[in-house]
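What follows is a single structure, written as structure tokens, with notes after it.
The values are calculated or read from the model by the stated rules, or taken from the named source; none is laboratory data. Quick caveat, the model's predicted, so the values are computed rather than measured. Neighbour counts run over all protein chains shown; Cβ positions are idealised from the backbone, glycine included.
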Amino acid sequence: MLQYELDDMFDVTLRDGGGPAVLGIIRKFLDDIFDAAEQRDIRMMKPSDTAYPTIIRGLHQYICFALYYLPVQKASGYDLDHYRRQVRACIVAMVQQSEDNNRYAEEMAGYPRIGLPGLFLKWVRTVGGDHIAVTLFASSFMCTLSPGKDVFPTAELKYMAQDCATHISVLGRIGNDRGSRARDVKERNVNTVHFPEFLGKSEGEVLGEIERIEEYERELKDVSLRKLRVRAREVMGEHKGDVCVNVLEMLSKVTDVYTALYGYKDLGQTRDVTVL
């Protein structure tokens with residue numbers, strides 16, 4: 001629910017006249033507050049007075065809650081640092097998504113198109129995936145599992161677990177976009193279907209390719225989770241290995257339910273569009 005509220009706060013602020021200026025202020029605020037987080041308790045900080053105090057105060061409250069959320073505070077230094085990085089990555093992705101949406105709105109002419117640099121694969125595994133916070137959720141869950149010790153004790157297991165979370169995130173992003181594509185066209189939001197790889201194809205062809213990409217990612221996710229479970233049981237013991245991998249399995253199933261709901265009915269709210 002907190003993530004939904006954060007997303008809604010971005011939408012409301014930017015569509016009510018924020019635009020590039022407020023995005024720049026948010027980026028500066030994130031740099032300041034996360035640099036300060038390494039030195040002192042950011043709960044004692046007061047967001048500087050800006051032309052957009054509401055969203056800055058809201059972000060400050062969100063970050064304080066996320067970073068000092070009691071269940072994650074007993075995590076190891078590594079797991080807690082990774083979690084902090086994911087909190088920051090999620091908010092930065094929201095800023096980047098907003099900037100891309102603005103560029104899309106300005107460039108849109110006739111049938112939706114977008115001149116985003118780079119590949120769809122890179123976007124969906126970075127900005128697109130971080131924006132929906134699945135990797136953040138995975139990191140927060142991991143922080144609650146092994147107080148004071150790294151949940152996954154080896155670099156190999158850490159890599160495999162993060163890879164699993166990435167595949168789950170990609171499936172969440174693509175499923176979300178598939179369900180919200182009509183609204184995204186109307187609101188001029190960047191969607192999976194707007195990337196250059198899909199240009200020049202009919203809607204049926206695009207949806208067919210997206211479904212095949214989803215199936216590809218689902219197979220990768222299933223194989224990754226299976227291999228992680230085998231290796232985690234070998235390194236950590238059967239019980240502990242299963243417990244840690246079960247958390248990622250649960251996240252995967254929750255994401256499947258979420259995307260299935262979006263496939264049945266777009267859960268978002270359509271808003272009037274203004275070019276920022």
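Tell me, yes or no, whether segment 198-205 has at least one residue that is surrounded by fewer than 23 Cβ atoms within 10 Å (Cβ to Cβ), closer than 30 Å to V72 by Cβ and at pLDDT 90 or above.
Among the residues of segment 198-205, not one is surrounded by fewer than 23 Cβ atoms within 10 Å (Cβ to Cβ), closer than 30 Å to V72 by Cβ and at pLDDT 90 or above, which makes the answer no.
All but one of (1) modelled with pLDDT under 80; (2) under 30 Å from L157 (Cβ atoms); (3) buried (at least 20 other Cβ atoms within 10 Å of the Cβ) hold for L14, so report the exception by its number.
So the condition that L14 fails would be (2).
Residues are listed down the side, and each one gets a yes or a no for (1) assigned by TED's automatic domain parsing to the domain that holds S139; (2) among the acidic types (D, E); (3) within 22 Å of Y104 (Cβ to Cβ); (4) modelled with pLDDT under 85:
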residue	(1), (2), (3), (4)
E187	yes, yes, yes, yes
D222	yes, yes, no, no
E249	yes, yes, no, no
D256	yes, yes, no, no
V273	no, no, yes, yes
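Which one is farthest from D79 (Cα to Cα) among residues in segment 122-146 that are among the small types (G, A, S) and not in a helix (DSSP H, G or I)?
Once the filter is applied, the top-ranked residue is A133.
Here's the yes/no breakdown for (1) buried (at least 19 other Cβ atoms within 10 Å of the Cβ); (2) out of contact with any Gly (no Cβ under 7 Å at 6 or more places or on another chain); (3) not in a helix (DSSP H, G or I):
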residue	(1), (2), (3)
A165	yes, yes, no
I168	yes, yes, no
R181	yes, yes, no
D184	yes, yes, no
V190	yes, yes, yes
V223	no, yes, no
R231	no, yes, no
K240	no, yes, no
